[in-house]
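Notes follow once the structure below has been shown.
The values are calculated or read from the model by the stated rules, or taken from the named source; none is laboratory data. Keep in mind that this is a model prediction, so the values were computed, not measured. A quick note on method: Cβ atoms are made from the backbone with ideal geometry, for glycine too, and the neighbour counts reach across all protein chains shown.
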Amino acid sequence: MMSRGNRRGDIFRETEDYQVYLAILEEATTKYVFDLYDYCLMTNHVHLQIETTIFEIWHIMKFINLMYTLYFNEKYNLIGHLFQGRYNAEIIKDDAYTLQTSRYIHLNPVKAKMVSTPVEYAWSSYDVYMGKRESRFVKVEKILRYFENNNRLLYQKFVEGASTHSEIDVEIDEKMEES
């Protein structure tokens, strides 16, 4: 799932903005009962990989985007839309696509040349995967299960060792750029 700032404008201006978005995201995971596998908060867009069971995704995204927009508009004395239209979401139907999406999300700040490795980026779930930070609401188990003994180093090699884009990565890139 991806939400982009209106006119590709910034949706995060200060550290507090990222922190508030993550607090809203955590609240949403308990209120709407879904699994969050990965996230990356970029300056003008957000990537989330979630699995829903009870609630449809539009309920979840409506809550997250509405609550964050109310916060942002009040803080910066703005009115109107913060996000560019509706969120963009793709149904992930197989294991390969699940893994590729996780890698894509965690490499987003590297691709944008904001950092040289994904662990350097403070506003993604990658450091949770690397065991550098704990999270009550990011569920790393499903993704790590694909690697022998849930090995974080194998996941790291999978993410950071990707020197060329696979077909699925290119497909994900194209879908995100269309939004």
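Considering segment 63-90 alone, what residues qualify as being exposed (fewer than 14 other Cβ atoms within 10 Å of the Cβ) and either outside any loop (DSSP other than H, G, I, E, B) or of a type in the set (A, V, I, L, M) (or both)?
L66, L70, E74, K75, L78, I79
Just give me the residues in segment 1-26 being touching a residue at least 24 places away in the same chain (Cβ under 8 Å), assigned to a helix (DSSP H, G or I) and of a type in the set (V, I, T), in sequence order.
V20, I24
In segment 127-154, what residues are under 20 Å from V20 (Cβ atoms), in a loop (DSSP other than H, G, I, E, B) and in contact (Cβ under 8 Å) with a residue 24 or more places away in the chain?
R136, F137, listed by residue number.
For segment 127-148, give me each residue that is farther than 12 Å from D38 by Cβ and either in the same structural domain as E26 (by TED's automatic domain parsing) or among the basic types (K, R) (or both).
Scanning segment 127-148 gives K132, R133, R136, R145.
Of the residues that sit in segment 29-54 and are modelled with pLDDT of 95 or more and in a loop (DSSP other than H, G, I, E, B), which one is farthest from the chain's Cα centre (by Cα)?
Of everything passing the filter in segment 29-54, Y32 is farthest from the chain's Cα centre (by Cα).
Residue check: is F83 among the aromatic types (F, W, Y) and in contact with a strand residue (DSSP E or B) (Cβ under 6 Å, 6 or more places away or on another chain)? It would help to see each step written out before you state the result.
Numbers: among the aromatic types (F, W, Y): yes; in contact with a strand residue (DSSP E or B) (Cβ under 6 Å, 6 or more places away or on another chain): yes.
Judged against the criteria, F83 is a match.
Among all residue pairs at least 6 apart or on different chains, which show Cβ distances below 7 Å where the first residue, located in segment 107-126, is in the same structural domain as T43 (by TED's automatic domain parsing) and farther than 12 Å from T43 by Cβ and the second is outside any loop (DSSP other than H, G, I, E, B) and of a type outside the set (S, T, N, Q)?
none
Just to be sure I understand, how many residues within segment 121-132 are more than 13 Å from the chain's Cα centre (by Cα) and more than 16 Å from Y155 (Cα to Cα)?
0
Evaluate the following for V115: is it over 21 Å from R13 (Cβ atoms) and surrounded by 13 or more Cβ atoms within 10 Å (Cβ to Cβ)?
Details: over 21 Å from R13 (Cβ atoms): no; surrounded by 13 or more Cβ atoms within 10 Å (Cβ to Cβ): yes.
Here the answer is no, as V115 does not meet what is asked.
E14 - would you say it is within 14 Å of the chain's Cα centre (by Cα) and either exposed (fewer than 14 other Cβ atoms within 10 Å of the Cβ) or in the same structural domain as I143 (by TED's automatic domain parsing) (or both)? Spell out how you get there, then give the answer.
Working: within 14 Å of the chain's Cα centre (by Cα): no; either exposed (fewer than 14 other Cβ atoms within 10 Å of the Cβ) or in the same structural domain as I143 (by TED's automatic domain parsing) (or both): yes.
No.
Among the residues in segment 74-93, are any within 13 Å of the chain's Cα centre (by Cα) and of a type in the set (S, T, Y)?
yes
Answer yes if at least one residue in segment 68-89 is assigned by TED's automatic domain parsing to the domain that holds Y21, within 18 Å of L22 (Cβ to Cβ), touching a helix residue (DSSP H, G or I) at 6+ places or on another chain (Cβ under 6 Å) and at pLDDT 95 or above, and no otherwise.
Yes, segment 68-89 contains a residue that is assigned by TED's automatic domain parsing to the domain that holds Y21, within 18 Å of L22 (Cβ to Cβ), touching a helix residue (DSSP H, G or I) at 6+ places or on another chain (Cβ under 6 Å) and at pLDDT 95 or above.
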